[in-house]
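The values are calculated or read from the model by the stated rules, or taken from the named source; none is laboratory data. Computed from a prediction, not measured in an experiment: that's the story for all the values here. With ideal geometry, Cβ positions are generated from the backbone for all residues, glycine too; neighbour counts draw on all protein chains shown. Ligands, DNA and RNA are stripped out before the accessible areas are found, and what is left, the full protein with its side chains, is counted by its heavy atoms. Shrake-Rupley method; radii C 1.70, N 1.55, O 1.52, S 1.80 Å.
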Amino acid sequence: MSEELAQGPKESPPAPSAGPREVWKKGGRLLSVLLAVNVLLLASTLISGGAFNKVAVYDTDVFALLTAMMLLATLWILFYLLRTVRCPCAVPYRDAHAGPIWLRGGLVLFGICTLIMDVFKTGYYSSFFECQSAIKILHPIIQAVFVIIQTYFLWVSAKDCVHIHLDLTWCGLMFTLTTNLAIWMAAVVDESVHQSHSYSSSHSNASHARLASDQHAGNPVGGDSCLCSTAVCQIFQQGLFRETYFAGPVLGLLLFVVGLAVFIIYEVQVSGDGSRTRQALVIYYSFNIVCLGLTTLVSLSGSIIYRFDRRAMDHHKNPTRTLDVALLMGAALGQYAISYYSIVAVVAGTPQDLLAGLNLTHALLMIAQHTFQNMFIIESLHRGPPGAEPHSTHPKEPCQDLTFTNLDALHTLPACAPTPGLVSSSSSDQQEAVAIIPASRSQWRRRCLKDISLFLLLCNVILWIMPAFGARPHFSNTVEVDFYGYSLWAAIVNICLPFGIFYRMHAVSSLLEVYVLS
């Protein structure tokens with residue numbers, strides 16, 4: 001002891017510092033983000049440059065870039081799949097909250113639609129391959145392979161928690177995400193150019209015709225040699241797609257069938273003369289006003305029913321639910337933007353006729369429907385499973401608010417004093433007499449919520465089908481075009497409308513989950 005005192009106090013060991021592995025984890029994440037940002041900027045620059053005829057960027061250049069990106073992303077996915085199969089220790093555990101079945105099912109559905117579109121693109125470009133670049137025929141084929149492999153990868157690996165090759169995995173995921181964003185941007189630009197060409201052809205505007213001529217700039221031959229004159233080419237160019245009792249599903253199916261009929265009538269008549277176009281727009285807006293009005297009232301009634309629901313609110317952290325709510329709120333912003341632009345154009349514009357009134361009512365109801373439907377879905381996702389009662393606000397007396405319980409379940413609660421309002425379930429007669437009243441009310445609420453969720457689901461399906469398959473009243477109705485100008489209004493619609501289409505798809509999946517929880 002004296003020797004230790006003579007030596008003085010010992011120095012404390014230094015605090016542990018972050019190891020080189022932890023430091024490089026942050027470096028790997030930064031590297032993946034920088035890779036994604038630079039690749040995305042390159043792709044967006046090339047894609048946007050190909051939309052203008054004064055820039056010497058052809059559509060073949062864009063196709064070549066997208067094809068190269070899809071090939072690289074496919075090679076990384078194949079490497080990841082082979083590595084995880086050969087090395088089971090690469091994925092020590094899987095996240096149970098990630099990759100729900102409804103999300104993967106929606107992914108498969110959109111993958112099938114993309115494959116159908118790739119088949120039509122391949123047939124269209126192959127019908128006059130003698131004057132087209134080979135990359136135009138190769139691009140949809142590579143995209144089909146990329147979609148199949150990526151869909152399989154996301155289906156089987158959505159729950160993986162990878163612990164090897166972290167840097168390569170981060171970079172590969174970010175590059176795959178960037179590739180999908182680039183494909184989406186190319187589709188938006190292609191749709192904008194196609195609409196500009198259609199608009200210039202119908203209005204014989206020289207300036208729009210010059211802008212729309214960009215889509216033929218990548219043609220090395222040009223002229224009439226690549227005109228779509230054969231019957232097979234016309235088919236691929238124009239498509240083949242134009243040719244017990246519950247109240248909720250029945251009414252939803254009725255609106256779905258009527259909506260399909262309205263969509264067909266709109267597509268047939270909107271391309272006719274002025275009177276036929278006006279009639280098609282009146283029919284289209286009238287149906288949407290009825291559908292949006294009903295869904296708004298039904299969503300509001302569902303929120304009111306929840307005021308009488310005694311199920312406990314689930315406040316636990318759930319990453320999947322948080323992502324669903326964020327996607328719903330974020331995707332709704334696109335339709336909000338279009339609606340507010342339409343309201344300003346109708347109110348401040350000069351024509352005040354029937355069509356303008358229908359357009360204004362449609363925009364207002366679109367905002368209300370998104371708002372109340374989001375409120376209903378978000379509150380439904382935060383409700384506990386059927387039979388879950390709210391917890392007491394006083395933790396020391398957990399039994400004071402109970403009116404009926406099972407004594408077997410009561411043993412799991414902390415000790416509490418006898419409550420006069422507590423009814424024992426030891427007697428079968430008492431249990432049967434007391435449980436009948438709350439059971440009937442619970443069944444009524446549950447049945448109403450199931451009807452509401454199914455009705456909203458079917459309405460969102462038809463509201464998704466119309467814009468997803470080509471209904472564009474934003475351009476047939478010239479109020480916004482005359483007020484903002486075609487270029488600005490086309491940019492607004494082409495940027496915001498994909499978010500609205502995605503919102504309908506995600507709302508359908510969320511409402512399906514609400515139906516299950518109800």
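Here's the yes/no breakdown for (1) open to solvent by 10 Å² or more (accessible area, probe 1.4 Å); (2) more than 18 Å from V193 (Cα to Cα):
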| site | (1), (2) |
| --- | --- |
| L456 | no, yes |
| W464 | yes, yes |
| G470 | yes, no |
| S487 | yes, no |
| C496 | yes, no |
Output yes when any residue across region 462-470 is outside any helix (DSSP H, G or I) and at pLDDT below 90, and no when none is.
yes
Selection from region 50-105 of residues that are touching a strand residue (DSSP E or B) at 6+ places or on another chain (Cβ under 8 Å) and open to solvent by 90 Å² or more (accessible area, probe 1.4 Å)
Y93, R94
Return the total of residues in region 131-178 being assigned to a helix (DSSP H, G or I) and charged (D, E, K, R).
2
Given the condition modelled with pLDDT under 90 and in contact with a Gly (Cβ under 6 Å, 6 or more places away or on another chain), answer yes or no: does some residue in region 312-330 qualify?
yes
In region 343-374, what count of residues is obtained for those that are more than 15 Å from G500 (Cα to Cα) and either open to solvent by less than 10 Å² (accessible area, probe 1.4 Å) or in contact with a Gly (Cβ under 7 Å, 6 or more places away or on another chain) (or both)?
4
